[in-house]
Amino acid sequence: MNPGRTILYIISAILFGLFWVSGGDELMDYLPYYSQRFVGRTVTVQVQEKVIYAEVARSDRAKARGLGKRQNLPTQKGMLFPFVEPGLYEFWMKDMRISIDIVWIHSGKIVDISHGVPPPAVGQDPARIRPPVPVDTVLEVAGGMATQWKPGDAVTIKADKPFFLP
């Protein structure tokens, strides 16, 4: 093996270890989908015949950030927000630049959908959205993606690795 490459691997392993020890588990929540997939932090979400490849926001900070500042969201991608306890979790559109559908889920079933939630207009306060009933999971997808879905539809979530929940 090339000595230069060996040194690079060793330095990378040390930096990754330091990163992880210094709060890397939470910092990993901020990596985009492909980076999360590399380290086993993504899930597939299936509703009807549609499969969404989702990033998982586990920490409170990652949940607050959500999809903010994204310029676009491919139709087959999304973000999943799992919660330990069911609740009336408020979502806001701070720093959003795209329209999204917010799918409210409880016990593996859709309970409501907020369709086409727009980003805030310049100078306006961001919208705040809540589900009508307690939920334990929320899925954000590109605006218009959830038009075929309805309350009562089953939602199947499969993790790349078993440790995606909070």
How many residues are farther than 20 Å from Lys77 by Cβ and surrounded by fewer than 22 Cβ atoms within 10 Å (Cβ to Cβ) when one looks only at the stretch 130-144?
5
Give all pairs with beta carbons closer than 7 Å in which a residue from the stretch 102-113 that is within 14 Å of Phe83 (Cα to Cα) meets a residue that is part of a strand (DSSP E or B) and polar (S, T, N, Q); count only pairs at least 6 apart in sequence or on separate chains.
Ile105/Thr137
I want to confirm something. Restricting to the stretch 47-84 and keeping residues that are among the β-branched types (Val, Ile, Thr) and open to solvent by less than 10 Å² (accessible area, probe 1.4 Å), which single residue is nearest to Val138 (Cα to Cα)?
Val56
The stretch 54-74, subset assigned to a strand (DSSP E or B) and of a type in the set (A, V, I, L, M, F, W, C), residue farthest from Asp101 (Cα to Cα):
Val56
Quick check on Lys158: is it open to solvent by 60 Å² or more (accessible area, probe 1.4 Å), modelled with pLDDT under 95 and outside any loop (DSSP other than H, G, I, E, B)?
yes
Can you go through Asp101, Asp125, Asp112 and tell me which one is surrounded by fewer than 19 Cβ atoms within 10 Å (Cβ to Cβ) and within 21 Å of Arg65 (Cα to Cα)?
Asp125
When residues of the stretch 85-95 are limited to those that are at pLDDT below 90 and not charged (D, E, K, R), the one least open to solvent (accessible area, probe 1.4 Å)
Met93
Residue check for Val51: in a strand (DSSP E or B), closer than 22 Å to Gln148 by Cα, at pLDDT below 90 and touching a strand residue (DSSP E or B) at 6+ places or on another chain (Cβ under 9 Å)
no
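The values are calculated or read from the model by the stated rules, or taken from the named source; none is laboratory data. It should be emphasised that the depicted structure is a prediction, and the values quoted were computed from it without experimental measurement. Glycine also receives a Cβ, built like all others from the backbone with ideal geometry; neighbour counts cover every protein chain displayed. SASA here: full protein model, heavy atoms, side chains in, ligands and nucleic acids out. Shrake-Rupley method; radii C 1.70, N 1.55, O 1.52, S 1.80 Å.
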